[in-house]
Amino acid sequence: MAESIKTEIISPPPGKTEGAVRWGIIGCGDVTEVKSGPAFQKTEHSELIAVMRRNAEKAADYAHRHGVPKWYADADQLIADPDINAIYIATPPGTHALYAIKAMQAGKPVYVEKPMAATYAECLEMLKVSKETGMPLNVAYYRRTLPAYLKAKELIENGTLGQILTVSITLHKAADEHSTSKDNWRLDPKIAGGGLFYDLASHQLDYLDFLFGPVTEVNGMAYNKAGYYEAEDTVSAIFTFKNGVTGTGSWCFVVDQSAEQDKIEISGTKGRLSLPCFAHGELELRTHKGIEHFGFTNPVNISHNLVRNVIQSLRGEELCVSTGESAARTNRVLEEIVKNYYS
């Protein structure tokens, strides 16, 4: 079986953390309740020391409910806490660069939510500071560590599909009260970088980077068809990877509920793989032998596998599979696809 998460001992990286990794979370909102937050408490050699939210009452409530010793309403105070030696940033993308740069300049490694930042230029600035300070910078694209996506990578790498020819992404979702709400920051390009395309397609495009390497050519068109909000709601793209695989993508967030789709399809000379990215579903393999389905169980805290990988990388035991370098590439592709809309 092809192993995607390297487990060999490597030379200690710059910023290697001795002993336990003692985390502070900036932005303890919804994503940290189940998806990520508890993983920092469940993982060996990891402790969650403090959380921060601008609303002091909500910060205190989170700390109380999750058994976290400290809470702050000021990010600078959390970053300066001497008991904390690593920072997880779970704010909206518009402040990722601000807090990541402050944390790295304070000598603390950073794990940041996806997309890495609101703009590609901000990603490059984060990488620059990471290099200058020697502080590791990793990003929360956790599909790189989930069993279904690792199985797909294994089937590709062991030749089950033959030579990979094409990949296609289809994500069509219906609009609802939440996905069109003016209070939803994911619809504000100044905060999120774009619309729901940035929030959701970033996962898909990052995963394809994991499978096939960097995108070398990309063209896209973005539109607002329904007029519910300022950001784009319908996007199409074509792209080519460094290894020669070509791809297409279709995203629409205002279809009728009956027309919803969530599918990544990978075709090769010997077969085809398909799997959903957001809906719970099986991986399907079609070859001349027939159709085979693979079922998987994800961690209760879906980021847990990647959080463990990040912690082990900070301790010098593994390489992290989701770095600032790879995540910045995804931001570049996102930005290129929608540039017609925002220019």
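The values are calculated or read from the model by the stated rules, or taken from the named source; none is laboratory data. All values reported here derive from a predicted model rather than from experimental measurement. We place every Cβ from the backbone using ideal geometry, glycine too, and count neighbours over all the protein chains shown. Ligands, DNA and RNA are excluded from the accessible area calculation, which covers all protein heavy atoms including side chains. Shrake-Rupley method; radii C 1.70, N 1.55, O 1.52, S 1.80 Å.
A few remarks follow.
- Net charge of Cβ neighbours under 12 Å - reference V255; Lys, Arg +1; Asp, Glu -1: -3
- Full-stretch length increase - K289, L165 - with 0.36 nm per residue and alpha-carbon distance subtracted: 42.7 nm
- Karplus-derived HN-Hα couplings along segment 20-31 (A = 6.51, B = -1.76, C = 1.60, θ = phi - 60°), whole Hz, x at Gly and Pro: 6, 8, 10, 8, x, 9, 9, x, 8, x, 4, 4
- Flagged links, alpha-carbon separation over 19 Å, of K35/K131; K58/K190; K102/K131; K242/K263: K35/K131; K58/K190; K242/K263
- Calculated FRET value between E177 and Y342, using beta carbons and R₀ = 25 Å, to 0.05: 0.45
- Accessible surface ranking for L124, L275, 1.4 angstrom probe, highest first: L124, L275.
- Whole-Hz Karplus values for segment 324-329 come out as x, 5, 5, 5, 5, 4 Hz, taken residue by residue from phi with 6.51 cos²θ - 1.76 cosθ + 1.60 and θ = phi - 60°; glycine and proline positions read x.
- In order along segment 249-263, the phi-based Karplus estimate (6.51 cos²θ - 1.76 cosθ + 1.60, θ = phi - 60°) of 3J(HN,Hα) comes to x, 9, 10, 8, 10, 9, 6, 5, 4, 5, 9, 5, 9, 8, 7 Hz; Gly and Pro are listed as x.
- Segment 201-254 and segment 52-96 have Cα centres spaced 33 Å apart.
- Basic side chains Lys and Arg get +1 at the Cβ, acidic Asp and Glu get -1 at the Cβ, and with that the dipole of segment 198-320 about its Cα centre reaches some 500 debye.
- Surface composition of the chain: carbon plus sulfur atoms hold 50% of the accessible area, using a 1.4 angstrom probe and ignoring ligands, DNA and RNA.
- Cα gyration tensor shape for segment 29-120, rounded if a/c is under 1.5, else prolate or oblate: rounded
- Furthest towards positive pole of dipole, Y223, T145, I191, structure part segment 127-232, Cβ charges: T145
- Given charges at beta-carbon only (K, R positive; D, E negative), |dipole| of the chain in Debye: 480 debye
- Dipole magnitude of segment 222-266 about its Cα centre (Cβ charges: Lys, Arg +1; Asp, Glu -1), debye to nearest 20: 260 debye
- Length-normalised contact order of the chain in % [C-alpha pairs under 8 Å, at least 6 apart]: 23 percent
- Helix-only mean residue ellipticity at 222 nm for the chain, each DSSP H run of n ≥ 4 adding -39500 (n - 2.57), per residue, nearest 500: -9000 deg cm²/dmol
- When nucleic acids and ligands are ignored and a 1.4 Å probe is applied, H45 ends up with an accessible area of around 80 Å².
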